[in-house]
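*Asks:* One structure is given below, represented as structure tokens, and several questions about it will come after.
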Amino acid sequence: MDILACPVCKGSLELTVTEEKDDEVITGSLFCAKCNHSYPITESIPNLLPPDL
Amino acid sequence: MSGESPFDTLAGEYDAWFEDEGKITFAIEVEAFRRVLPLLPRPWLEVGVGSGRFAQALGIKIGIDPATKLLEIAKRRGINVFQAKGEERFFQTASFGTVFLIVTLCFVNSPVAVLREVHRILKAGGKIVLGLVLSDSPWGRFYLGKKKKGHPFYKHATFYSYTQIAELLDSTGFVIEKVVSTLFQKPHEVTEIEMPRDGLFPNAGFTIVVADKVSQAGRT
């Protein structure tokens, strides 16, 4: 988490965990409060593609 | 590339190449990378990690790629992956010691944008490692032939000469430190493991370039 930034505004991202297994986030999201955009985490893979892709 | 790229629709076929048709070629390329690994500061990132074959073989723990299906395979290989493009600025500045792009620069839309971003996320003293099929090499000509015939992967590729790569690196704040060449056997004639050679050779099919991050202001 420390190395990640919002790809749009470079702001910090807030992690929300929906499902976790063995200390690994399975599903959840990374939320940028500045952009009001949430980047999903699915199957433990954060999707940081910009919103228009 | 979006989720509709051939790297998603043909992910299984792409990944299978490393174990059948490309098995010896892959082993030759991994052997060449091993020659430069001791030079490289950590942490390591691979941009264009694909299915994680090289990352797993070389010990790269973090990778990014836009192709969902390939990332799912890479994740199963134990790589921490992010779905993202190399041009996008989602890593904090100065996060990595080394960034690898292994047969990746040929598939990105803007090599300059990717190299600038790599420069930004590298720490001071960091290095970029490029694994390249050069356009003016026997394998480059082989893949260009596939591109012209509409190969699902290579029709999207743009191969560069060594001179073009050197210019791209220079213009984005890198100085070449080391070049390693390998894959001297011709396409369809790879039958044995080869040892890499230091330096640039026109008959090599695979070239590794290690370059140091320098400050833009510090360049001549």
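The values are calculated or read from the model by the stated rules, or taken from the named source; none is laboratory data. As the structure is a computational prediction, the values presented were derived from the model and not from experiment. Please note: Cβ atoms are built from the backbone with ideal geometry, for glycine as well, and neighbour counts cover all protein chains shown. Just the protein is used for accessible areas: all its heavy atoms, side chains included, with ligands, DNA and RNA removed. Shrake-Rupley method; radii C 1.70, N 1.55, O 1.52, S 1.80 Å.
*Asks:* Note down all Cβ pairs under 7 Å where the first residue falls in the stretch B:86-114 and is closer than 16 Å to A:Leu4 by Cα and within 14 Å of chain A (Cβ to nearest Cβ), the second is open to solvent by 10 Å² or more (accessible area, probe 1.4 Å) and aromatic (Phe, Trp, Tyr), and they're at least six residues apart or on different chains.
*Replies:* Correct list of pairs: B:Phe96/B:Trp44; B:Gly97/B:Trp44.
*Asks:* Can we say B:Ile208 is within 18 Å of B:Val103 (Cβ to Cβ), in contact (Cβ under 8 Å) with a residue 24 or more places away in the chain, assigned to a helix (DSSP H, G or I) and under 15 Å from the mean Cα position of the chain (by Cα)?
*Replies:* It is false that B:Ile208 is within 18 Å of B:Val103 (Cβ to Cβ), in contact (Cβ under 8 Å) with a residue 24 or more places away in the chain, assigned to a helix (DSSP H, G or I) and under 15 Å from the mean Cα position of the chain (by Cα).
*Asks:* Test B:Phe159 against the criterion of being surrounded by fewer than 17 Cβ atoms within 10 Å (Cβ to Cβ) and among the aromatic types (Phe, Trp, Tyr), and give yes or no.
*Replies:* no
*Asks:* Could you check how many residues of the stretch B:9-28 are farther than 19 Å from B:Arg77 by Cα and assigned to a helix (DSSP H, G or I)?
*Replies:* Residues flagged as farther than 19 Å from B:Arg77 by Cα and assigned to a helix (DSSP H, G or I) within the stretch B:9-28 amount to 4.
*Asks:* Within the stretch B:70-105, which residues are among the aromatic types (Phe, Trp, Tyr) and open to solvent by 10 Å² or more (accessible area, probe 1.4 Å)?
*Replies:* B:Phe82
*Asks:* Are there any pairs with C-beta distances below 8 angstrom linking a residue in the stretch B:20-37 that is among the hydroxyl-bearing types (Ser, Thr, Tyr) to a residue that is open to solvent by 10 Å² or more (accessible area, probe 1.4 Å), with the two at least 6 apart or on different chains, and if so which?
*Replies:* Going by the 8 Å Cβ cut-off, the qualifying pairs are B:Thr25/B:Val190.
*Asks:* Next question. Which of the residues spanning the stretch A:9-53 are facing another protein chain (nearest Cβ under 9 Å) and either in a loop (DSSP other than H, G, I, E, B) or farther than 14 Å from B:Ala84 by Cα (or both)?
*Replies:* Across the stretch A:9-53, the qualifying residues are A:Lys10, A:Leu13, A:Glu43, A:Ser44, A:Leu48, A:Leu49, A:Pro50, A:Leu53.
*Asks:* In this structure, is B:Arg76 in contact (Cβ under 8 Å) with a residue 60 or more places away in the chain and basic (Lys, Arg)?
*Replies:* When the stated conditions are applied, B:Arg76 does not pass them.
*Asks:* What strands (runs of 3 or more DSSP E) completely inside the stretch B:51-152 contain at least 3 residues that are among the aliphatic types (A, V, I, L, M)?
*Replies:* B:96-102, B:122-132
*Asks:* Check off (1) within 13 Å of chain A (Cβ to nearest Cβ); (2) within 15 Å of the chain's Cα centre (by Cα) for B:Thr68 and give me the number that stays unchecked.
*Replies:* (2)
*Asks:* Looking at the stretch B:9-50, which of the residues that are open to solvent by less than 20 Å² (accessible area, probe 1.4 Å) and within 14 Å of chain A (Cβ to nearest Cβ) is farthest from the chain's Cα centre (by Cα)?
*Replies:* The residue in question is B:Ala11.
*Asks:* Hey, another quick one. Please tell me if B:Leu169 is open to solvent by less than 40 Å² (accessible area, probe 1.4 Å), modelled with pLDDT of 95 or more and among the hydrophobic types (A, V, I, L, M, F, W, C).
*Replies:* yes
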